[in-house]
1. Note down the accessible area of F190, probe 1.4 Å, to the nearest 10 Å².
2. Projected area of the stretch 87-226, taken from the Cα convex hull and averaged over every viewing direction, in nm²?
3. Have a look at L264, S299, T276 and report the one farthest towards the positive end of the charge dipole of the stretch 229-356, computed about the Cα centre with Cβ charges (Lys/Arg +1, Asp/Glu -1).
4. Give me the distance in nm between label points sitting 7 Å out from Cα along the Cα-to-Cβ direction at E330 and K293, one decimal.
5. Work out how much length N270 to E53 would gain on full extension: take 0.36 nm times their residue separation and subtract the Cα-Cα distance, in nm to one decimal.
6. Quick one: dipole size for the stretch 182-274, taken about the Cα centre, charges +1 on Lys/Arg Cβ and -1 on Asp/Glu Cβ, in debye to the nearest 20.
7. Would you tally the net charge around S149, using a Cβ to Cβ cut-off of less than 13 Å, leaving S149 out, and scoring K and R as +1, D and E as -1?
8. Just to verify a number: FRET efficiency for T188 and D33, C-beta to C-beta distance, R0 = 56 Å, to 0.05?
Amino acid sequence: MACPENMFFLIGLFMSGVLACFCQRHLIATMPDRLGVLTGSCVQIPCSFDVAEQRKNTFNSTMPISGVWIKESPKFDGHLNRVIFNSSKTVNRYQGNITGNMSQKNCTTVFFNVTTSYTNIYYFRIESQPFRATDTGKSVDIVVKDWPSSPILTVSGEVKEGTPVSLNCSAVAPCPEHPPELTWTLPTQFTTENQLQENPDQTKSVLSTVTFTSSYLNHKMNITCTAVYPVGASNKTAERNMMLNVSFSPKDTSASISPAGPVLVDSCVNLTCSSTANPPVTNFTWFQISGGKPIQVASGQSYSLNVTVGDGGLYYCEARNSHGCGKSKEVQLAIKGQETSMAFGIAAGTLGAFLLISLISLFVWRRNSRLHDGLERTDSPQGQNSPVGTVCADQATAGEKPEEPAEDQPEEIHYGDIDFSKLRTKETPAAAQDRVQGQESEYAEVNVTGRMAQEPPLNYLDGLYAQVS
């Protein structure tokens, strides 16, 4: 008689063998765990299968193979309504088609005009001669919805100002024959690239990649990716929003003084530095302009001081983070009593500069005038047929009857150039020919001095010309 302990051991071993035999999979199907589908659209179930090693001798791929889909449970004995599709039949409860090549163990199937009643779990079975089996250990959960799921929006790496940025938007394509169209809404110019891709579980999705150069102005701006699914004669849309997080150095750095106007010595003054940066500013530094050079006087966003006489002047601040620094414009700390002298100094300096420029301009003008006069005297024509000069005092030329000067005028010195050639008697042709061949006219410049009651008569000038010639 066997011991009770041995009896229980044999019973346990027998039960484990029975369970192992019962749970053994003769057909091994591969398909996604879950599929989301739109009402009115189609759904493609990626599917492949293999036969367990111990049953391969009963499977012949050259024989006709039928694919069967069963919903809710792998057992359909007494529940034939669970069989919704059989590829060997022309009429099925679900309108569909096995698009895969069964002889190559591809059982990919497409169902059309999906309704909400299609929501269920489904098992796959093959029927051939003499092999028939259902994969009881694998199913696909189909969920039918009226509206599509939102696309998935991701960013490649950190978004930094001035660098190229790539954003990816993907949307599932449960019906690859009618994939969704992806569109972008961005606050800047961009380029896109769309493609239909296969996921690791062999489902399909549409991927759209957008590329642009980021700016600090894009920080905290919204980006939208919209998926448009064609369903019959209408469209169904879903979108995903994302706020851009752009890293940038300090911008719009500014310094302010409180109180803003002139202050008294020994009064308290606060200087404040503000800036926009991402990540935030980690260090503020204050500088004072002294002797034309910046000198660091404090650190921190605020700088407080009790004013002394030497504190007046220009100040600015610098803001810094991990991406760089920003500098503010200079602000004036004015001390009462100093602004008058400062204004006087500025006015005096401005006046001095104006006078200096005026003197230089006057000097240049006089110099150019003298050069111009000298050039005129040098370039005046000297020739036989031109007069020697003009009378500068009274603008009267020799040979014209001069005006009689008034007797009450003061005694003056008159200068003039007289062309005595105009006072000659008319030449004969022979004399003119001799003069042309070699004679030269002589001219004299006469300075008339002394006051005269009247100008000398014309015959006097003739005599004077004879003496000079």
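The values are calculated or read from the model by the stated rules, or taken from the named source; none is laboratory data. What you see is a predicted model, and the numbers here were worked out from it, not measured in a lab. Neighbour counts are summed over all protein chains in view; Cβ atoms, including those assigned to glycine, are modelled from backbone coordinates with ideal geometry. Ligands, DNA and RNA are excluded from the accessible area calculation, which covers all protein heavy atoms including side chains. Shrake-Rupley method; radii C 1.70, N 1.55, O 1.52, S 1.80 Å.
1. 80 Å²
2. Taking a quarter of the hull surface, the average projection is 11.6 nm².
3. Working it through, the farthest residue towards the positive pole turns out to be T276.
4. Here the modelled spin labels are 1.5 nm apart.
5. 69.6 nm
6. 180 debye
7. +2
8. On the way: r = 39 Å, r/R0 = 0.70.
Computed FRET efficiency for T188 and D33: 0.90.
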